[in-house]
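Undergrad: The structure under discussion is supplied below as structure tokens; questions concerning it will follow.
Quick note: the coordinates plus some simple rules give every number you see, no bench work behind them. The structure presented is a predicted model; accordingly, all values stated were derived computationally and were not measured. Neighbour counts are summed over all protein chains in view; Cβ atoms, including those assigned to glycine, are modelled from backbone coordinates with ideal geometry.
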Amino acid sequence: MKKIIVAIDGPSGSGKSTVAKLLAKKLGYTYIDTGAMYRAIALQAKRENININSGAALSNLCDRVQIGFVPDNDGLRTILNGVDVSEEIRTPDMSMAASDISSKKEVRQSLLSLQRRMGETGGVVLEGRDVGTVIFPNAEAKFFLDASLEERGKRRYKELAAKGLDVTLEQTIEDVKKRDINDSSRDIAPLKMAADSILIDSTNVGIKEVVEKMIRVVNEKVDR
Ligand code: DC
């Protein structure tokens, strides 16, 4: 059967990861979390105390880091230079640091070629901000997942609180808002909906329903 590229973009907390993981599992496709790659770079930059305003330092960093994924029951583990950093990259600090570093052209160029290599054979579900606009503008199925700011903030807060992190709902909503502005106002590959993307507002829609809708679209594309 034909194996296509599925692109899922959208702002933080819109449910992309949950939906992309489930969709990939149901289709028997590989799940690729492009945001985790920005998070991994941001983590290494922090560890090495790199000045993210220095293009040369960022290029050098990108040339040295190895980022990979290993599938597990829960979706994916993110491996940075051979070490599992899946938990470490999910703190509020790292979310903001990833958003900041993702505006830098050296980082975007380096990750773009890696993301394209990972997805080019098809049979993949990629989630991020620029999958349908920049990474794979010819992806056969493109979705833009959204939800209200309050709902996205609540989801993020629940996730962080469940991990035992010391966060408040108000601060989490503020962080999500700040990241929305950061990610959609940068010069290179900003968060925006591709013209041929299907918009799904998940504010009042359950995960199961969203995934079912996506599967119907994917099946149509595969049958064509
Ligand atoms: O999806 P996420 O929250 O894990 O992504 C973290 C940050 O990485 C996000 O705030 C912006 C950046 N990002 C990006 O610029 N392009 C992508 N395709 C994915 C993420």
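Undergrad: What order do you get for 16-25, 50-59 when each peptide is scored by the mean count of other beta carbon atoms within 10 Å, highest first?
TA: 16-25, 50-59
Undergrad: Mind listing the long-range amide H neighbours of Thr30? Cut-off is under 5 Å, sequence gap 5 or more, other chains count too, H placed in the peptide plane at 1.01 Å from N.
TA: Result for Thr30 returns Val124, Val125.
Undergrad: Which residue, Ala161, Ala45, Ala141, has the most motion in a Gaussian network model of the chain that connects Cα atoms within less than 10 Å?
TA: Result for the chain, Cα springs under 10 Å: Ala161 fluctuates most.
Undergrad: Another question, then. Compute the Rg to Rh ratio over the stretch 69-137 from the alpha carbon atoms, using the Kirkwood formula for Rh, and round to two decimal places.
TA: Ratio of gyration radius to Kirkwood radius: 0.96.
Undergrad: Another question, if that's okay. Taking θ = phi - 60°, what integer Hz values does the Karplus form 6.51 cos²θ - 1.76 cosθ + 1.60 yield along the stretch 198-213, in sequence order, with x for Gly and Pro?
TA: 9, 7, 10, 9, 9, 3, 10, 10, x, 4, 4, 5, 4, 5, 4, 4
Undergrad: Which FRET efficiency, nearest 0.05, do Asp166 and Val217 yield, Cβ-Cβ r, R0 41 Å?
TA: Between Asp166 and Val217 the formula returns 0.55.
Undergrad: Using the Karplus curve 6.51 cos²θ - 1.76 cosθ + 1.60 with θ = phi - 60°, work out ³J(HN,Hα) for each residue of the stretch 123-134 in order, rounded to whole Hz, and write x for Gly and Pro.
TA: The phi angles translate into x, 9, 10, 10, 10, x, 10, 10, 5, x, 9, 10 Hz.
Undergrad: Let me ask you something else. Near the amide H of Ala147, under 5 Å away, which other amide H atoms are found, from residues 5 or more places off or on another chain, if H is placed in the peptide plane?
TA: Correct list: Ser202.
Undergrad: While we're on this one: Between the alpha-carbon centers of the stretch 36-67 and the stretch 77-145, tell me the distance in whole angstrom.
TA: Cα centres, the stretch 36-67 to the stretch 77-145: 14 Å.
Undergrad: Length gain on complete extension for the stretch Lys158 to Glu120, per 0.36 nm per residue less the alpha carbon to alpha carbon distance?
TA: Fully extending the segment from Lys158 to Glu120 adds 10.2 nm.
Undergrad: Report the residue, chosen from Asp201, Asp74, Asp93, that carries the largest GNM mean-square fluctuation when the chain is represented by alpha-carbon nodes joined by springs under 10 Å.
TA: In this elastic network of the chain, the residue with the biggest mean-square fluctuation among Asp201, Asp74, Asp93 is Asp74.
Undergrad: Provide, for the stretch 1-125, the number of lysine pairs with alpha carbons under 26 Å apart, each pair being eight or more places apart or on different chains.
TA: For the stretch 1-125, qualifying lysine pairs total 15.
Undergrad: Normalised by the number of residues in the chain, what is the relative contact order in percent for Cα pairs under 8 Å and 6+ residues apart?
TA: 34
Undergrad: So which residue, out of Glu106, Glu212, Glu48, gets the largest mean-square fluctuation from a GNM of the chain using Cα contacts under 10 Å as springs?
TA: Most flexible of the set in this elastic network: Glu48.
Undergrad: Let me ask another. Is the shape of the stretch 1-137 best called rounded, prolate or oblate, per the rule: a/c under 1.5 gives rounded, else a/b larger than b/c gives prolate, else oblate, with a ≥ b ≥ c the square roots of the Cα gyration tensor eigenvalues?
TA: Because a/c hits 1.5 or more and a/b exceeds b/c, the stretch 1-137 counts as prolate.
Undergrad: If you rank Thr121, Thr30 by fewest surrounding Cβ atoms within 10 Å, what's the result?
TA: Thr121, Thr30
Undergrad: Got a sec? How would Ser148, Ser14 order by Cβ neighbour count within 10 Å, fewest to most?
TA: Placing the least packed residue first, the sequence is Ser148, Ser14.
Undergrad: Moving on to the next point. Less than 16 Å from a label point 7 Å out along the Cα-to-Cβ axis of Leu149: which backbone N atoms in the stretch 1-37 qualify, by residue?
TA: What the label zone holds, given the 16 Å backbone N cut-off, is 11-14.
Undergrad: Would you calculate a helix-derived [θ] at 222 nm for the chain, using -39,500 (n - 2.57) for each DSSP H run of n ≥ 4 and dividing by the full residue count, to the nearest 500?
TA: Computed mean residue ellipticity for the chain: -15500 deg cm²/dmol.
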